[in-house]
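Enquirer: I'd like to ask some things about the structure below.
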Amino acid sequence: MTAPTAREKPASFQDLILRLQAYWAAQGCAILQPYDMEVGAGTLHPATVLRALGPKDWRAAYVQPSRRPADARYGENPNRLGHYYQYQVILKPNPANLQDLYLNSLYEIGIDPSVHDIRFVEDDWENPTVGAWGLGWEVWCDGMEVSQYTYFQQVGGLDVFPVSGELTYGLERLAMYVFGVDNVYNLPFNDPASETPLSYGDVFLQNEREQSAFNFELADVEMLQSWFTGCEKQSTALREAGKPLPAYDFALKASHVFNLIDARGAISPTERQAFIGRVRDLARGAAELWAKQEEERAA
Amino acid sequence: MAELLLELFSEEIPARMQAKAEADLKAAVESGLSEAGVAFERITALSGPRRLTVCVEGLPAKSADVKEERKGPKVGAPEKAVEGFLRGAGLNSIDEAEVRSDPKKGDFYVAVREVPGRPLPDIIAEMVPDIVRSFHWPKSMRWGRGELRWVRPLQRVLCIFDGKVVDFEIDGLTSGNETEGHRVHGRGPFKVSSFDEYKTLLESKGSVILSREDRRLLIDEKAHVICHERGLELVEDKGLLEEVTGLAEWPVVILGDMDPDFLSLPGEVIQLSMRTHQKYFAVRDPKTGDLAPHFVVVANIDATDGGKAIAEGNSRVLSARLDDARFFWDNDRKTPLATMAEKLKTIDFKKELGTVADKVERIAALARDLAPKVGADPDLAERAARLAKADLVSGMVGEFPELQGVMGGYYAREQGEDEAVATAIAEHYKPVGPSDQVPSEPVSIAVALADKLDTLVGFWAIDEKPTGSKDPFALRRAALGVVRIILENGVRIDQTQYLADGIADMLLRQPNAVDISAEQIEHAIASASPETSVADLRREFAATQRGALHQLFGLADKKAEDLLAFFADRLKQYLRDAGARYDLIDAVFALENQDDLVLIVKRVEALGAFLETDDGANLLAGYKRAANILKAEEKKDGRAFEGTPDPALFEQDEERSLAAAITESVTSAEAALAGEDFEKAMGALSSLRAPVDAFFDAVTVNAESAELRQNRLLILTSIRDALHRVADFSKLAA
């Protein structure tokens, strides 16, 4: 094997995304579009969490906007956002050379392995809400976490077989590193040499401000609570009707509504546990049903 | 003699698991070989981020031939028995069996089977897959479509015996003679045929330092050198050193810069942020002893730019981390500790023991109570206790739980609390381990003791005690902490009373735990005088012979006794660790009513010093002689000799002078003991040496006259009793 080399740096944030898209497309992934619902992490897209279950092979990659209401900072923190992008890759079963494929993706976006210190540091991923966990690492580049790399072991409380390899890139953070930018809002969103150069701030700053106000001040807790109950009811009914996909959608909706209520600080620790338990039951219920149906379809 | 080389090459093994896995693999290979009856000369094991390696030298080409013997029936046994024996041993006729003689059994048959030795490659090809399949990792996983479990995907198995590949397969993975080096510097793969070649190739072309020890020493040395060159000093951290040793195959030590503005943050925050999040070593200015605006990072690559990009990148990440920390620091200081403490009402300490706010109330009362006994101002002790837990709800402690207490101390100082209060808050969790410092300021002592006693008393009240190796609430640590605080500061408290009152108080709050209804308790309390403290209540109801409270206080006393024994065990451990002789400790603990830790230790020390002296050693010999005679005679007569000798029966001067000496020395020993002066007490007893020696030289204890004999045995009894005032000498080694 020859020593690895890197490509030249991408020209912009979107160029970095396009390189990842092209790279993972070349590895045989279906390039999906973001899921059209509010989720807290790219993993929650049914293309990862549900497809990791059942016996069928699967390869997909996509950008997923992620919303974390409590992390919003009114656009004033250079590193924290209430809305940001994750790049998500799932390969089922994981190919034996997945680590190499992953490292090549970093070289593809201009990270030179002969200059930068890339490390796999133990970090076992877990998402109790969907009953999922796996073993893997945080990938560090010069001390910065640029990705989460996981071999799923369980989803929805069920052992997975075959095992999926899952990669999550924190796109803004990765781009800040590649471009040497200290403030996320200064990232070049499109090509700075183009006719209309746009920064990340041009695209998202106002959104962060207004959404922060909504998350922390304006969200109507009482209404949200009733929405939560509604989502729970709908999800349960769908599951009982044997339709795990929409049942899962409503579990996601309930999860986001809970995150909004939580960001308002309107929940005591005990209530909080109870809410998390309710979301978990919905998500697990849908996942279990999906897994069962996939087995039947494959049989 | 041949060599076995085995390498299990995988994706990155968590740093914390490598050393144990290395030892486990070595042990598994050793025991696999010994089970197969194979001897060897030397076994070496290595481990690193991506591999476990074992090399066994001095192996034979095949295992030894062995004779297997199977005993059969007697010669002339019934045909059935002989047939069964032949079937079981796989013999065709009884002629193939040997006949042996046994003096008791007579002649009997033995089937002898020669089992030829097996070639080592066959043994290894069975052994290695077994080891891999049954290897224990703290957490293991499956991958792809395989069923095999390993800590992370296993990529290669290199297995060579005597220069040749040992062929086997583990779940689709075929053994071979290839290994891989550092991903960037020299990946290979490299074909190897011996351990020497393996080491040479990997350490040169492969850029992998195979031994943990080599990597650790290299990192340690380079880190010191790089600091020294810049006039700086490395902040040593053994745990971190071990961790980074497991994170790099080719460690390169780099000094990075930190924005000096961050030095306004508490040093603990900077250091912890570096350590837990980034695995950096902190750096000090040797002149001031303060942190310097730099850090040391261990990379896994010799970068082509000399590490410039790595230093800059790491520095940027650190800035982002410390920005977060500064946000917490600034934000936390906007809220007074007393306001934070309000939130403790929503956090359970332990379900049965109420919230953290409840605990704070209890600690505040106890700290106030303890304050005069440790020379602290009660108001300051109570104030410190009330604020001690507030930082648990601060942003900084949420981020860095290890800084509990420490941050509270900083925030208290910032809001202008008395320095003693701030220090007590910062130190009240101490000591957190056997080598951690013990608080020595009076207010700190009061709060640290109150916190730990409250925890212990609470858990004892609800019967949640450590069992075997399980101690999820670190109660042993808490008790050892109490022992150390008391001893190292010479704190004198009546432990029995504090523990019994504390447990009674807990039980009063928790009536259900002891099958006494709340109504019964309320009724009983209502009948007592108002404003009565738990301690008074306890005394009042201990005297009555019935009722709910009497029952409850009886239970509390029993639990307190058990807890006191738990303290005694910690104290024994502490004294042994400090090098005190087991027998001295046992001799002191054998005395009754030992609940003052300070006195116990004083006594052990005085006893040790006393036995070092000539008089002490000889007196012990005299004691042993007296005790042995007494024991033998008591056994002979089937009764104990107790009481005082009758002076009228004394015949010899030696009897009279010994009796007089005993009376005199016991009187002065008693006086010294009352003044807690153990040296003096033992000194008083040491004057017994001469009369005891003289007595044994001149007097026959087993006199003809029964009366005389009994009287002389009673003299021996009084020697024994005299010495037992300071320790149970029977427990002492001669």
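The values are calculated or read from the model by the stated rules, or taken from the named source; none is laboratory data. For clarity, every value in this text was computed on a predicted model and none was experimentally measured. In this analysis, Cβ positions are derived from the backbone assuming ideal geometry, glycine residues included, and neighbour counts consider all displayed protein chains. Ligands, DNA and RNA are excluded from the accessible area calculation, which covers all protein heavy atoms including side chains. Shrake-Rupley method; radii C 1.70, N 1.55, O 1.52, S 1.80 Å.
Enquirer: Please find, within segment B:456-467, the residue that is surrounded by the fewest Cβ atoms within 10 Å (Cβ to Cβ) out of those that are β-branched (Val, Ile, Thr) and either touching a residue at least 24 places away in the same chain (Cβ under 8 Å) or in a helix (DSSP H, G or I) (or both).
Expert: So, considering only residues that are β-branched (Val, Ile, Thr) and either touching a residue at least 24 places away in the same chain (Cβ under 8 Å) or in a helix (DSSP H, G or I) (or both), the one surrounded by the fewest Cβ atoms within 10 Å (Cβ to Cβ) is B:ILE462.
Enquirer: Please determine, by comparing only the residues of segment A:231-275 that are part of a helix (DSSP H, G or I), of a type in the set (Gly, Ala, Ser) and open to solvent by less than 40 Å² (accessible area, probe 1.4 Å), which one is modelled with the lowest pLDDT.
Expert: Per the criteria, the residue is A:ALA263.
Enquirer: If B:ASP324 meets every condition in (1) open to solvent by 20 Å² or more (accessible area, probe 1.4 Å); (2) modelled with pLDDT of 90 or more; (3) out of contact with any strand residue (DSSP E or B) (no Cβ under 7 Å at 6 or more places or on another chain); (4) more than 7 Å from chain A (Cβ to nearest Cβ) apart from one, which number is that one?
Expert: Every condition holds for B:ASP324 apart from (2).
Enquirer: Right, B:ARG625: in the same structural domain as B:GLN710 (by TED's automatic domain parsing) and over 30 Å from B:PHE567 (Cβ atoms) or not?
Expert: So B:ARG625 fits the description; yes.
Conditions (1) under 17 Å from B:LYS373 (Cα atoms); (2) in contact (Cβ under 8 Å) with a residue 12 or more places away in the chain; (3) in the same structural domain as B:PHE553 (by TED's automatic domain parsing), marked per residue:
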{"position": "B:ALA450", "(1), (2), (3)": "yes, yes, no"}
{"position": "B:SER469", "(1), (2), (3)": "no, no, no"}
{"position": "B:LEU475", "(1), (2), (3)": "no, yes, no"}
{"position": "B:LEU480", "(1), (2), (3)": "no, yes, no"}
{"position": "B:ASP501", "(1), (2), (3)": "yes, yes, yes"}
{"position": "B:LEU507", "(1), (2), (3)": "no, yes, yes"}
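Enquirer: Okay, next question. Would you check if B:GLU11 is among the charged types (D, E, K, R), away from chain A (no Cβ under 14 Å), touching a Phe, Trp or Tyr at 6+ places or on another chain (Cβ under 8 Å) and closer than 21 Å to B:VAL192 by Cα?
Expert: no
Enquirer: Looking at segment A:199-230, which of its residues are open to solvent by 60 Å² or more (accessible area, probe 1.4 Å) and over 30 Å from B:LEU318 (Cβ atoms)?
Expert: If the condition is that a residue be open to solvent by 60 Å² or more (accessible area, probe 1.4 Å) and over 30 Å from B:LEU318 (Cβ atoms), then A:GLN206, A:GLU210, A:PHE214, A:GLU217, A:LEU218, A:ASP220, A:GLU222, A:MET223, A:GLN225, A:SER226, A:TRP227, A:THR229 are the ones that fit.
Enquirer: For segment B:665-689, which residues satisfy the criterion of being outside any helix (DSSP H, G or I), within 15 Å of B:ALA727 (Cα to Cα) and touching a residue at least 24 places away in the same chain (Cβ under 8 Å)?
Expert: The one that is outside any helix (DSSP H, G or I), within 15 Å of B:ALA727 (Cα to Cα) and touching a residue at least 24 places away in the same chain (Cβ under 8 Å): B:GLU676.
Enquirer: Residue under question is B:LYS351, and the condition is that it be within 13 Å of chain A (Cβ to nearest Cβ), out of contact with any helix residue (DSSP H, G or I) (no Cβ under 6 Å at 6 or more places or on another chain) and over 23 Å from B:VAL406 (Cβ atoms); does it hold?
Expert: Criteria met by B:LYS351.
Enquirer: Out of the residues in segment A:243-279 meeting the condition of being β-branched (Val, Ile, Thr) and touching a residue at least 60 places away in the same chain (Cβ under 8 Å), tell me which one is nearest to the other protein chains (Cβ to nearest Cβ).
Expert: Per the stated criteria, the residue is A:ILE276.
Enquirer: Of the numbered conditions (1) in contact (Cβ under 8 Å) with a residue 40 or more places away in the chain; (2) away from every other protein chain (no Cβ under 14 Å); (3) surrounded by 20 or more Cβ atoms within 10 Å (Cβ to Cβ), B:ALA45 satisfies every one except a single condition; which is it?
Expert: Result: B:ALA45 passes all but (1).
Enquirer: So which residues in segment A:110-138 are surrounded by 24 or more Cβ atoms within 10 Å (Cβ to Cβ) and either touching a Gly at 6+ places or on another chain (Cβ under 6 Å) or more than 10 Å from chain B (Cβ to nearest Cβ) (or both)?
Expert: Listed by number, the residues that qualify are A:VAL130, A:ALA132.
Enquirer: Same structure, new question: Taking B:ARG230 as meeting all but one of (1) surrounded by 16 or more Cβ atoms within 10 Å (Cβ to Cβ); (2) away from chain A (no Cβ under 13 Å); (3) not small (Gly, Ala, Ser), write down the number of the exception.
Expert: Of (1) surrounded by 16 or more Cβ atoms within 10 Å (Cβ to Cβ); (2) away from chain A (no Cβ under 13 Å); (3) not small (Gly, Ala, Ser), only one is false for B:ARG230: (1).
Enquirer: Quick one: would you say B:GLU147 is within 30 Å of A:ILE90 (Cβ to Cβ) and touching a residue at least 40 places away in the same chain (Cβ under 8 Å)?
Expert: When the stated conditions are applied, B:GLU147 does not pass them.
Enquirer: Next up: In segment B:114-133, what residues are closer than 18 Å to B:PRO153 by Cβ and open to solvent by 90 Å² or more (accessible area, probe 1.4 Å)?
Expert: B:ARG133, the sole residue that qualifies.
Enquirer: Which residues, taken from segment A:83-103, are within 14 Å of chain B (Cβ to nearest Cβ) and farther than 22 Å from A:PRO162 by Cβ?
Expert: Result: A:LEU103, single match.
Enquirer: Still on this structure, please answer the following. Among the residues of segment A:139-160, count how many are open to solvent by 40 Å² or more (accessible area, probe 1.4 Å) and within 13 Å of chain B (Cβ to nearest Cβ).
Expert: 3
Enquirer: Right, here's the next one. Do the conditions hold for B:SER207, that is, is it in a loop (DSSP other than H, G, I, E, B) and closer than 19 Å to B:GLU12 by Cα?
Expert: yes
Enquirer: Next up: Return the residues of segment B:468-503 that are in a helix (DSSP H, G or I) and of a type in the set (D, E, K, R); say none if nothing qualifies.
Expert: B:ARG476, B:ARG477, B:ARG484, B:GLU488, B:ASP501
Enquirer: Tell me, which helices (runs of 4 or more DSSP H) lie completely within segment B:363-447 with 3 or more residues that are modelled with pLDDT of 95 or more?
Expert: Once the helices (runs of 4 or more DSSP H) in segment B:363-447 are filtered for at least 3 residues that are modelled with pLDDT of 95 or more, what remains is B:378-388, B:406-414, B:419-427.
Enquirer: Moving on to the next point. Picking from B:ILE209, B:ILE170, which residue would you name as being within 23 Å of B:GLU243 (Cβ to Cβ), open to solvent by less than 50 Å² (accessible area, probe 1.4 Å) and of a type outside the set (S, T, N, Q)?
Expert: When all the criteria are applied, what remains is B:ILE209.
Enquirer: With more than 27 Å from A:ILE90 (Cβ to Cβ), aliphatic (A, V, I, L, M), open to solvent by 80 Å² or more (accessible area, probe 1.4 Å) and in contact with a strand residue (DSSP E or B) (Cβ under 8 Å, 6 or more places away or on another chain) as the only criterion, which of B:VAL99, B:VAL157 stands out?
Expert: Matching residue, one of B:VAL99, B:VAL157: B:VAL99.
Enquirer: Also, quick follow-up: Got at least one residue in segment A:65-80 being in contact with a Cys (Cβ under 9 Å, 6 or more places away or on another chain) and either surrounded by 22 or more Cβ atoms within 10 Å (Cβ to Cβ) or not assigned by TED's automatic domain parsing to the domain that holds A:TYR35 (or both)?
Expert: no
Residue by residue, here is whether (1) part of a strand (DSSP E or B); (2) within 36 Å of the chain's Cα centre (by Cα); (3) more than 9 Å from chain A (Cβ to nearest Cβ); (4) of a type in the set (Phe, Trp, Tyr) holds:
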residue	(1), (2), (3), (4)
B:VAL244	no, yes, yes, no
B:ASP261	no, no, yes, no
B:GLN271	no, yes, yes, no
B:THR276	no, yes, yes, no
B:ALA282	yes, yes, yes, no
B:PRO286	no, yes, yes, no
B:VAL297	yes, yes, no, no
B:THR304	no, no, no, no
B:GLY313	no, no, no, no
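Enquirer: Kindly provide the set of residues from segment B:327-359 that are under 30 Å from B:ASP454 (Cα atoms), open to solvent by 60 Å² or more (accessible area, probe 1.4 Å) and not in a loop (DSSP other than H, G, I, E, B), ordered by number.
Expert: Passing the criteria: B:THR339, B:GLU342, B:LYS343, B:LYS345, B:THR346, B:ASP348, B:PHE349, B:LYS351, B:GLU352, B:ASP358.
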